[in-house]
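Since the structure comes first, as structure tokens, the remarks are kept for the end.
Since every read-out is calculated from the coordinates, none of them should be taken as a lab result. Given the structure is predicted, the values throughout are model-derived calculations rather than measurements. Positions of Cβ are backbone-derived with ideal geometry, glycine not excepted, and every protein chain shown enters the neighbour counts.
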Amino acid sequence: MTSQNGGQALVAALAAHGVDTVFGIPGTHNLAVYAALADSPIRSVLTRHEQGAGYAADGYARVTGKPGVCLTTTGPAILNAAAAAAQAWSDSVPVLFISPALPLTHPGRGNGYLHEVKNQHAALEAIVSYSHRVTSVDEIPRAIAYAFAAMSSGRPRPVHIEIPVDILDAEADVRIVAPVESAPLAAPVHAVTDAAQRLAAAQSPVLVVGGGARSAAPQVRALAERLSAPVLTTTNGKGVLDEDHPLSVGAGVHHPSVRAVLEAADCVLAIGTEFAPSDFWYGPVELDHKLIRIDVDPTSMTTNADPAVRLLGDAGTTVSQLLDVTKMREDSGAHERAASLRRGLHADAAAEGAPWLDMMAAIAPVVDGSTVIAGDSTMACYYGALSNLTVHRPGGFLYPTGQGTLGYGLPAAIGASVADPDARVLAILGDGGVMFTLPELATAAQLRLPLPIVVVDNGGYGEIRNEMADRGDTVHSVALGGIDFPAVARAMGCHGRAVESPAALTDAITAAFDADRPTLLHIRENSRATQQV
């Protein structure tokens, strides 16, 4: 037990829980924390906006599997990060958001205090798993221990901790709380036995793998090979099985061919997916009678589909349980069947993503086993990259699936680059979305990241332009033309260049990976949206 102020207690508690990086911006009310960070082994990454800090922490968490940390000041700062907190919640990403709060003695009805918010705690409580307001210095280590225990057991969700500004500078005797060791949750033995028997009896089993299986990639691969079962992945599950594997059908469960595959299967094993409408664009598939479901969250077990067999447990542990009681299926035609299904998915994807196929073909040669692609909610990603670009690693495709937030891709790419310096990280953004977090170009430049940033330009909010036209509405308020993106990038300390054709992307991205700083590559797309500009 040592005497520490609140800022020191917070930083010591974070370090005790293995935190090596925080993303954020210092402000008047969190200076005690930054003073402690300066004397700690924790790296502070300065972003240009708190929303960018939150997305960077999200990208860090998806690549490392550890909680990311976003540190802001009070009021407008933590509210700036709220969109990132909502994104982390929707995609089940463990991000710890930390902010100061108004003093303990602050009048309940307010008095015009700097950064005063009517109820900051309630605002964040409505978005994250929970918001914890500490009320003493010695409570801070316990609050951190609670947060990490919550984020590392069960379904990972973001947490918010707020510390009153007077607590941050106050001193007290503090005992740092060691991390709580959480045991992976194993599924009930009787349910595992039932699932194994159904899988053994199935003639055409199929695996559907979601983001909840990201940490169970070796087990998923082993089970797919044991069952000779083709593997479909959701957006967040993309890369859990290397998409070059002969049993991989690919990502993008919204395609008509995927619906046909699921309807034809006599047994569907779903691992870590909630069958969300944001993945299954065409609506639910009736699977209940043939569905085996592995999920760590009991409240999600019957969401969107009520399985015949419920395996409540951690993905890696539960798949390992299945491996222990499942025999090798001898199926000489399994690879050809998966290849046939893959051809069906790729045909759907090629038709849907036709305007971006040349770009994806040019990007494909630079995507190796270490590559992480950070995408924004843009047509080049959800019509282009999702099903038409091969990814080889878990966490190799970072995308804001649930919230569909604009501005995610660039800061998420920064977070991924910080998390794994040996990875080749590539950002794919739209000209609309990049404007939401464009200042983070300066963050990437300051960090000297060899980060290719591909900005695909259709002159505005192309998806919305198309939807307006399809409704028969007057198309307006969606044009964003006239931005010289390469010049903006150079002004912020990056390289910037225009790419005249999709074929030129291969060499441009290769050079960007070897550059001394980020490189923004601006390319104009030829799609229906651009034809309406």
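Observations on the structure shown:
- Order of 523, 271 - criterion: other Cβ atoms within 10 Å of each residue's Cβ, fewest first: 523, 271
- Student exercise, the stretch 362-516 dipole from Lys, Arg, Asp, Glu Cβ charges, in Debye to nearest 20: 160 debye
- Longest stretch of the chain clear of exposed loop sites (chymotrypsin sites (Phe, Trp or Tyr not before Pro), DSSP loop, at most 16 other Cβ atoms within 10 Å, sites excluded): 283-533.
- Answer label for semi-axes √(5λ) of the Cα gyration tensor in Å (calculated), chosen among [x] 38, 31, 20; [y] 62, 26, 21; [z] 73, 30, 21: [x]
- The stretch 492-533-the stretch 221-260 distance, computed between alpha-carbon centres (Å): 30 Å
- For the stretch 388-448 versus the stretch 1-25, the inter-centroid distance based on Cα atoms is 27 Å.
- Set the Cα radius of gyration of the stretch 1-76 against 2.2 N^0.38 Å, with N its number of residues, and you get 1.08.
- For residue 298, the shell of other residues with beta-carbons less than 10 Å away shows a net charge of 0, using +1 for Lys and Arg and -1 for Asp and Glu.
- Our summary gives the chain a relative contact order of 13 percent, counting only alpha carbon pairs under 8 angstrom and 6 or more residues apart.
- Antiparallel content of DSSP bridges confined to the stretch 381-533, in %, to 5: 5 percent
- Candidate membrane-span-like segments in the chain, meaning DSSP H helices with Cα atoms spread over at least 20 Å of their own axis and a Kyte-Doolittle mean of 1.6 or above, do not occur, with no membrane implied either way.
- Mean-position separation - Cα centroids, the stretch 316-385 and the stretch 54-73, in angstrom: 26 Å
- For q = 0.12, 0.17 Å⁻¹, Debye-computed log10 I/I(0) when each Cα of the stretch 2-174 counts as one equal scatterer: -0.46, -0.97
- Bridge type composition, the chain - antiparallel percent by DSSP, nearest 5: 10 percent
- Cβ crowding within 10 Å ranks 346, 335, 476 as 476, 335, 346, fewest other Cβ atoms first.
- For residue 327, the aspartates and glutamates whose Cα falls under 19 Å of its own Cα, not counting residues fewer than eight places away in the same chain, are 194, 225, 266.
- Summing charges over neighbours of residue 369, with a neighbour being any other residue whose Cβ is under 9 Å away from its Cβ, gives -1 when K and R count +1 and D and E count -1.
- Where only alpha carbons of the stretch 353-531 are counted, the Rg and the Dmax (Å): 15.2, 49
- Residue-averaged 222 nm ellipticity for the chain, from DSSP H runs of 4+ at -39500 (n - 2.57), nearest 500: -10000 deg cm²/dmol
- For the stretch 71-146, the set of trypsin sites (Lys or Arg not before Pro) satisfying both a DSSP loop assignment and a count of at most 12 other C-beta atoms within 10 Å is given as 109, 118.
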